[in-house]
1. Is it the case that some residue within region 37-51 is closer than 21 Å to residue 237 by Cβ, free of Cβ contacts under 8 Å to residues at least 60 places away in the same chain and of a type in the set (S, T, N, Q)?
2. Within region 195-218, does at least one residue satisfy the condition of being of a type in the set (S, T, N, Q) and in contact (Cβ under 8 Å) with a residue 40 or more places away in the chain?
3. Looking at region 74-89, is at least one residue under 11 Å from residue 196 (Cβ atoms), assigned to a loop (DSSP other than H, G, I, E, B), in contact (Cβ under 8 Å) with a residue 60 or more places away in the chain and in contact with a Phe, Trp or Tyr (Cβ under 7 Å, 6 or more places away or on another chain)?
4. Report yes if residue 212 is surrounded by fewer than 18 Cβ atoms within 10 Å (Cβ to Cβ) and either among the aliphatic types (A, V, I, L, M) or at pLDDT 80 or above (or both), otherwise no.
5. Of all residues in region 53-87, which are over 29 Å from residue 235 (Cα atoms) and among the basic types (Lys, Arg)?
6. Of the residues that sit in region 107-146 and are aromatic (Phe, Trp, Tyr) and not in a helix (DSSP H, G or I), which one is surrounded by the fewest Cβ atoms within 10 Å (Cβ to Cβ)?
7. Can you work out which of the residues in region 226-280 that are polar (S, T, N, Q) and at pLDDT below 75 is surrounded by the fewest Cβ atoms within 10 Å (Cβ to Cβ)?
8. Which condition number in (1) without any contact (Cβ under 8 Å) to a residue 12 or more places away in the chain; (2) closer than 21 Å to residue 190 by Cβ is the one that residue 16 fails?
Amino acid sequence: MEEGGRMCEWSVIRALLAVLQWWSFNVTVVIMNKWIFQNLDFKFPLTVSCVHFICSALGAFLVIKVMKLKPLIEVESRDRWRRIFPMSFIFCINIVLGNVSLRYIPVSFMQTIKSFTPATTVILQWLVWRKHFELLIWASLVPIVGGILLTSITELSFNMFGFCAALFGCLATSTKTILAESLLHGYKFDSINTVYYMAPFATMILAIPALLLEGTGVFHWFHSHSPITPALIIIFSSGVMAFCLNFSIFYVIHSTTAVTFNVAGNLKVAVAVLVSWLIFRNPISAMNALGCAVTLAGCTFYGYVRHKLSQQPATPPPRSPRTPRTPRTPKKWQELLPLVSDKPDDTV
């Protein structure tokens, strides 16, 4: 009994440390990016995203190839282009839109809009994939949407371009999540192997647009900004933090339950809003804060409902004499079948 109690205590401590680690990396990355755009006057979101992907690719290479902390999961060349490249493209759009929104709107507003992701995920799956959802799921989206509307209407630093970038970033995040379930399910992928394959593709996708659209501006900034060395250290440190964030996300999922992860994510948004206000002092009205609170409460309710519904045993449809014992897979889904039947690896 005593040993079991110690194991329970350690699991709680481990979950708490995992959440704190995730919060620290996530909030640090967001704050550093905002600092780069606002205080360093480095207004080049494509270049910042490119730096993040380069650091992530190098970090994953060191972890897998040099330090050998995780074994490399072999993926055929054909599957890299057919499955991982589309994921990398959506991943690029997601990161770039997030950085673009940070350039134009405060961290607090951007983080609140990102809480809209559960709603965009449900709507996309319903419209595009014709997936059925319980009435409770739709009901849980009401406070999320209402809170976002209230926050947007009362936002004192509202910028339409930044708002649209953050909103489309939610759509990109939802699309990436849905594609990940269908394209990468079946591989024993962990976060580091995912970054190992996706980051080089993402760098390749972003390098040319960043060079063409921002190359001249970066060149002028490099020669006009002073002092240059501390600024470059901050920019590349944000890339290192972005790579560390991938570790922390996977670790917190492994160490906590789905409900804890959802609640911790919403509290993380609240922490990011508070820290950003303490650092940048962006104005927040009482109604704006209320809208943020309503959105976070809706996200928590959404996570609770999803968890409860996932715990319910599925009732199989009655079999008829004509029903074959081995169901056939529709042709339109055959391309999305996993390559292996093993469950995803849950170890760090």
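The values are calculated or read from the model by the stated rules, or taken from the named source; none is laboratory data. Quick caveat, the model's predicted, so the values are computed rather than measured. Ideal geometry is used to build each Cβ from the backbone, glycine not excepted, and the neighbour counts take in all protein chains shown.
1. Within region 37-51, one or more residues are closer than 21 Å to residue 237 by Cβ, free of Cβ contacts under 8 Å to residues at least 60 places away in the same chain and of a type in the set (S, T, N, Q).
2. yes
3. Taking every residue of region 74-89 in turn, at least one turns out to be under 11 Å from residue 196 (Cβ atoms), assigned to a loop (DSSP other than H, G, I, E, B), in contact (Cβ under 8 Å) with a residue 60 or more places away in the chain and in contact with a Phe, Trp or Tyr (Cβ under 7 Å, 6 or more places away or on another chain).
4. Values: surrounded by fewer than 18 Cβ atoms within 10 Å (Cβ to Cβ): yes; either among the aliphatic types (A, V, I, L, M) or at pLDDT 80 or above (or both): yes.
Taking the combined requirement at face value, the residue satisfies it.
5. Selection gives 78, 80, 82, 83.
6. The residue in question is 129.
7. 257
8. (2)
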